[in-house]
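Reviewing the structure listed below.
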Amino acid sequence: MAHESTYKPSTGIERWLDSRLPIPRLMNDQFMVFPTPRNLNYWWTFGAILTFMLGVQIVTGIVLAMHYQPTTEGAFESVERIMRDVNWGWLLRYAHAVGASMFFLAAFVHTFRGLYYGSYKAPREILWMLGVLILFLMIATAFMGYSLVWGQMSFWAVTVITNLFSSLDSVVPGLGTTLVQWIWGGFSVGEPTLNRLFALHYLFPFVIAGVVILHIWALHIPGSNNPTGVDVKTPSDTLPFHPYYTIKDGFAVVVFCIVFGVLLFYAPNWLGHTDNYIPANPLQTPPHIVPEWYFLPFYAILRAIPDKLFGVIGLMGAIIVLFFIPWLDTSRIRSVSYRPIFKWFFWLFVICCLALGYLGSQAPEGWYLFFGRVFTIYYFAFFLIIMPVVGLIERPKRLPGSITESVLAKHGGAA
Amino acid sequence: MANSDSSTNPSLAYDDDPSRRDVILIGAGAFAAIGGAVALWPLIDQMNPDASTLSLASIDVDLAPIDEGQAITVMWRGKPIFIRHRTAKEVEEAKDVKLDDLVDPLARNANLPDDAPATDANRAAADKEPWLVMIGICTHLGCIPKGQAIGDYKGEYGGWFCPCHGSQYDTSGRIRKGPAPENMYIPPYAFTSDTKIKIG
Amino acid sequence: MRNVSKLFAAILAVSATALPSAASAEDAGHGPAIEAQEWSFAPPFGQFDRAQLQRGYKVYQFVCANCHSMNLLSYRNLAQPGGPQFSEKAAATLAAQAQIADGPDDTGKMFQRPGRPSDRFRAPYANDQAARAANGGALPPDLSVMAKARPGGPDYIYALLTGYEEAPADVTMSKGMHYNSAFPGHQIAMPNPLAEGVVEYTDGTEPNLNNYAKDVSAFLMWAAEPTLEARYRLGARIMIFLLVFAVIMYLAKKAVWARVHKRDHAAKNAA
């Protein structure tokens, strides 16, 4: 929300700084007095949680890189050395591994929140697209990070995922093979591959951090959306970000940390796969190869499609389609809460994603394959057919006149 | 505290008390600060030597092949260890030095108390005075002094000479001239037989 | 509207009934069910049983170590807190019992010497090829993280070690293979390693198959996760801290937002 700056430098140093590098003014205007809709619920705290998790991942990651050795001979052992010999190494490594899962958990909640409340609709299209870009970068980063352990799952995940590019051979003969060998730096996944994965895994989080800054910038132009989807109309519709949302976000981060802590301290390997504690063996593929849980829905889509090239297109399309949501949704209003028909399709879509996640962990045979295909079709139909069509034919419920009105109505009901 | 107005949520009533509110906010800030500070420690401590480094092996060295007047250098914990089989003349020279002439009056011998004086007896191997075993690192800025090889310049005192900044050590490895502040250190070691030592 | 919701309910019902039946048909690939055992190191407050780990080390040393390496473990680990906690001296003695390859010496030759606490556990074979050659082509896997590398962990190891049976009549065994009820596919190259009395126990524990299997499984769990006790201990402290912190943050949040709620009530009452 564009607004007049209320910052008044009070000391000489602040005045000096204000005419040179006005960081105090920026912090004041964007994070202290920034007018924020007063009716944000706890689903809106996941932005702060994600920022926190990005910080956790970067800090633990830098520290782990001080001990990790990106060689095919030494990688697995160096990870175990971190776990055994490095001071607090077990804590740092498990925090990083479980942290990746927690990061994705929060990112998915954040994405579904945006989807439910129509936070991608004008004027927040670029905000949304930057978010999808961050998700895409997160997927790439997590994939590369998982490979660094150089266990059986790491190795075969790299082999399988990089081989996706070989599907381009059916477009231009030889193109895919050439590309895959370029990615590998050899004729199979090996030491050059591991080294570049490590280099890029170290780089990408900082790229993510950069895009996050753009994401927040794009957020602060129109300001936050809110559960009603009704625009802010008067100052009484808003509260200053600090202390109201700093404290609310802070509370949410602490609660999130409790969940994080339970996994980290009592079940650090629960979300992982036992096969990744077997050192990589290029001569033997594990009987069931599955990615980490956060990739399972995408993996299910890949396997649901019987053609190699189209499977890859489906996999990429599942993310790329998200970029176009702002224009695929034809609804006049934002929040699904006020959309009686679309609401059902939305919740079915949530179930669809969960089901795809489950199916991605199972062998692609029989009923699993059948339902994998059903839900894959629904996944794309949701965006490409349901969103545009339902938006046109649906008659939304009456929206509250303003944010304040909706808040008072709610409190009236409760009192 | 109790609010008789039924339209007010009673659980919010105490929050009208500003002092209580401030106490809670200060408490929240304190917890955040403690949490952050505690989380910092593992990030710092991880850079300290790890458990495998701390347990690093001791080494055995056979002294039999080292003739009088010769010296060898072996590696222990990544550091060079100078082992010198001193001639009788070198031992005499080292013994004749008066403690008052020394820059550093302490023996710097890990096998003796910290305050042992830097006599040659306290520097050389116990009961085997021709043998001098020490960490061959100049105490100035960590270079490795010359003097191990036969043809090396050994400095004015016939011991070792550091090429970096000109520190000069005598035949007992004691600093005599130049910027180094301390005698070269004696590592923990012991004779396991007449001609074998175990360092570390 | 109603119809739409009924349709979805129907779809869900179908998928809910179809999936479990599909799952049961698929179980063969996941290996036999493993029975969970009671372990002293169960979360959230468990600890290793020192005496059990010491016995387990003995079983490992006299039985497993003949074929299996344990390359991530050092003898010094046997004395560290949270493990078998042999005394430093005992660990040094255990290390010295093993002949470790070292070198090259001054003449460029490798030589054997007694182990030191800082040495890794002695591996029975110089390399994988030697291991295969000595074991009929099968490679005995390294046991360092075995308890984390198989579904079921220590439960699986226990089930495997106690799972040797006569092959049922309808199973044709391949040459050199042994029937095991816990092993995926039931045909394992490793012959039954344990028998009553193969390892001597000095602490009064009955030297039977069950105890051997249990003790060595616990030992392998410690070997795979030597910081488990530290993790639980730190976890308990951090969790208490976070719970208290969360309560304080909740109260702080309520205290801050009370101003808004108060204003709302005033606005409502005025209206």
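The values are calculated or read from the model by the stated rules, or taken from the named source; none is laboratory data. These numbers come from a predicted model, not from an experiment. When we count neighbours, we look across all protein chains shown, and the Cβ atoms used for this are built from the backbone with ideal geometry, even at glycine.
Observations, loosely collected:
- Search result, residues across the stretch B:69-109 that are under 19 Å from B:Ala126 (Cβ atoms) and part of a loop (DSSP other than H, G, I, E, B): B:Arg86, B:Ala107, B:Arg108
- Any hit, the stretch B:158-177, residues being surrounded by fewer than 20 Cβ atoms within 10 Å (Cβ to Cβ), out of contact with any strand residue (DSSP E or B) (no Cβ under 6 Å at 6 or more places or on another chain) and outside any loop (DSSP other than H, G, I, E, B): yes
- Hey, A:His96 outside any helix (DSSP H, G or I), at pLDDT 95 or above, closer than 24 Å to A:Ile208 by Cα and within 13 Å of chain B (Cβ to nearest Cβ) or not: no
- Among residues of the stretch A:351-365 that are more than 9 Å from chain C (Cβ to nearest Cβ) and closer than 14 Å to A:Val290 by Cβ, none has a Cβ under 6 angstrom from a residue that is modelled with pLDDT of 95 or more and not in a helix (DSSP H, G or I) at a sequence gap of 6+ or on a separate chain.
- Tabulated pairs, the stretch C:106-119, first more than 11 Å from chain B (Cβ to nearest Cβ) and within 16 Å of C:Asn71 (Cβ to Cβ), second in a loop (DSSP other than H, G, I, E, B) and of a type in the set (A, V, I, L, M), C-beta under 6 angstrom, 6+ apart or interchain: none
- Scan of the stretch B:44-59 for residues that are at the interface with chain A (Cβ under 7 Å from one of its Cβ atoms) and surrounded by 15 or more Cβ atoms within 10 Å (Cβ to Cβ), ordered by number: B:Gln46, B:Asp50, B:Ala51, B:Ser52
- Residues that are more than 30 Å from A:Leu239 (Cα to Cα) and within 12 Å of another protein chain (Cβ to nearest Cβ) were ranked within the stretch A:27-62; the one that is farthest from the chain's Cα centre (by Cα) is A:Ile62.
- Subset of the stretch C:136-186 (residues that are touching a helix residue (DSSP H, G or I) at 6+ places or on another chain (Cβ under 8 Å) and of a type in the set (A, V, I, L, M, F, W, C)): C:Ala138, C:Leu139, C:Leu143, C:Val145, C:Met146, C:Ala147, C:Ala149, C:Ile157, C:Leu161, C:Ala182, C:Phe183
- Restricting the stretch B:115-143 to residues that are among the aliphatic types (A, V, I, L, M) and in a loop (DSSP other than H, G, I, E, B) leaves a set whose member that is nearest to the chain's Cα centre (by Cα) is B:Ile137.
- Test: A:Val312 is more than 30 Å from C:Pro184 (Cα to Cα), more than 19 Å from the chain's Cα centre (by Cα), modelled with pLDDT under 95 and away from chain C (no Cβ under 14 Å): yes
- Scanning the stretch C:231-242 for residues that are surrounded by fewer than 16 Cβ atoms within 10 Å (Cβ to Cβ) and of a type outside the set (D, E, K, R), we see that the one that is farthest from the other protein chains (Cβ to nearest Cβ) is C:Ile240.
- Residues in the stretch A:63-88 that are in a helix (DSSP H, G or I), without any contact (Cβ under 8 Å) to a residue 24 or more places away in the chain and within 9 Å of chain B (Cβ to nearest Cβ): A:Arg81, A:Ile82, A:Arg84.
So that you can scan it fast, the table gives a plain yes or no per residue for (1) among the small types (Gly, Ala, Ser); (2) touching a residue at least 40 places away in the same chain (Cβ under 8 Å); (3) more than 14 Å from every other protein chain (Cβ to nearest Cβ); (4) not in a loop (DSSP other than H, G, I, E, B):
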{"site": "C:Ala159", "(1), (2), (3), (4)": "yes, yes, yes, yes"}
{"site": "C:Ala169", "(1), (2), (3), (4)": "yes, no, yes, no"}
{"site": "C:Ser174", "(1), (2), (3), (4)": "yes, no, yes, no"}
{"site": "C:Val216", "(1), (2), (3), (4)": "no, yes, yes, yes"}
{"site": "C:Val244", "(1), (2), (3), (4)": "no, no, no, yes"}
{"site": "C:Val247", "(1), (2), (3), (4)": "no, no, no, yes"}
{"site": "C:Leu251", "(1), (2), (3), (4)": "no, no, no, yes"}
{"site": "C:Trp257", "(1), (2), (3), (4)": "no, no, no, yes"}
{"site": "C:Lys262", "(1), (2), (3), (4)": "no, no, no, yes"}
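- Any chance A:Phe143 is in contact (Cβ under 8 Å) with a residue 12 or more places away in the chain, surrounded by fewer than 22 Cβ atoms within 10 Å (Cβ to Cβ) and over 10 Å from the mean Cα position of the chain (by Cα): yes
- Filter pass, A:Gly250 being under 18 Å from A:Pro37 (Cα atoms), of a type outside the set (Ser, Thr, Tyr) and within 10 Å of chain C (Cβ to nearest Cβ): yes
- Test: A:Tyr368 is surrounded by fewer than 22 Cβ atoms within 10 Å (Cβ to Cβ), within 11 Å of chain C (Cβ to nearest Cβ) and of a type in the set (Ser, Thr, Tyr): no
- Verdict on A:Leu369 being assigned to a helix (DSSP H, G or I), within 26 Å of A:Phe324 (Cα to Cα) and of a type in the set (A, V, I, L, M): no
- Selection of the stretch C:218-227 for residues being part of a helix (DSSP H, G or I) and either over 38 Å from the mean Cα position of the chain (by Cα) or facing chain A (nearest Cβ under 9 Å) (or both) yields only C:Ala224.
- A Cβ distance below 9 Å, combined with a sequence gap of six or more or placement on separate chains, defines the contacts here; from the stretch B:177-188, residues that are more than 14 Å from B:Ser167 (Cβ to Cβ) reach residues that are of a type in the set (Phe, Trp, Tyr) and part of a strand (DSSP E or B) in the pairs B:Pro187/B:Trp76.
- So C:Leu53, is it in contact with a helix residue (DSSP H, G or I) (Cβ under 8 Å, 6 or more places away or on another chain), surrounded by 19 or more Cβ atoms within 10 Å (Cβ to Cβ), under 30 Å from B:Leu63 (Cβ atoms) and at pLDDT 95 or above: no
- So B:Ile24, is it buried (at least 16 other Cβ atoms within 10 Å of the Cβ) and closer than 21 Å to A:Thr246 by Cβ: yes
- Counting the residues of the stretch A:371-404 that are over 29 Å from A:Asn226 (Cα atoms) and either small (Gly, Ala, Ser) or more than 12 Å from chain C (Cβ to nearest Cβ) (or both) gives 4.
- Residue check, A:Thr274 away from chain C (no Cβ under 11 Å), surrounded by fewer than 22 Cβ atoms within 10 Å (Cβ to Cβ) and of a type in the set (Ser, Thr, Tyr): no
- Any chance A:Phe112 is of a type in the set (Phe, Trp, Tyr) and within 14 Å of another protein chain (Cβ to nearest Cβ): no
- So B:Leu112, is it of a type in the set (A, V, I, L, M) and either in contact with a Phe, Trp or Tyr (Cβ under 7 Å, 6 or more places away or on another chain) or part of a strand (DSSP E or B) (or both): no
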